[in-house]
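Here's the structure, in structure tokens; my notes come after.
Nothing in this text is a laboratory measurement; each read-out follows from the coordinates by a stated rule. None of these values were measured; they are calculated from a predicted model. Counting neighbours? That spans all protein chains shown, and the Cβs are built from the backbone with ideal geometry, glycine included.
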Amino acid sequence: MKKLTALLFCALACITLTSCWHNDHDISISYSEDGQYYSMNAHFPKNRTKDIENYKDRRIGSKSNISFENTKTDATLTLDDHTTFYMKKYPGFVQIKLDKNKNSSDSYHEIKSMCQGIKKVLAK
């Protein structure tokens, strides 16, 4: 029984370490959409963070007089046009989640377009 417990502990430790390890050269972007939510998760090299921040500033920040540069965020944001979305952001990572029921069609399309544009920025 002790061997089984030790083996399970080792397996769990390996899985945890593997899932936490992230190669700083990899880019991973996923999009998800259902009836209520649109979301995006992006992992990318930390040195590309400024490119993403500048892109978001141009796309939505300048319209609401906000900047994403040099910030860590884990909050629900509301833009001047009343677009509301959740964003978690730190160097090498951005997560955005928009509730389609709480936003206009225009807001949904703007955020979705921006999220899809992040992939193009990272491809450069």
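Ordered by the count of other Cβ atoms within 10 Å of each Cβ, fewest first, Lys46, Lys89, Lys97 give Lys46, Lys97, Lys89. Computed from point charges on the beta carbon alone (+1 for Lys and Arg, -1 for Asp and Glu), the dipole magnitude for the stretch 24-123 about its Cα centre is near 160 Debye.
Each residue of the stretch 100-116 was assigned a 3J(HN,Hα) from its phi angle through the Karplus expression (A = 6.51, B = -1.76, C = 1.60, θ = phi - 60°), giving 5, 6, 9, 10, 6, 4, 4, 4, 4, 5, 5, 5, 4, 4, 4, 4, 5 Hz with x at Gly and Pro. Applying both filters, DSSP loop and at most 14 other Cβ atoms within 10 Å, to the GluC sites (Glu not before Pro) of the stretch 31-124 gives Glu69.
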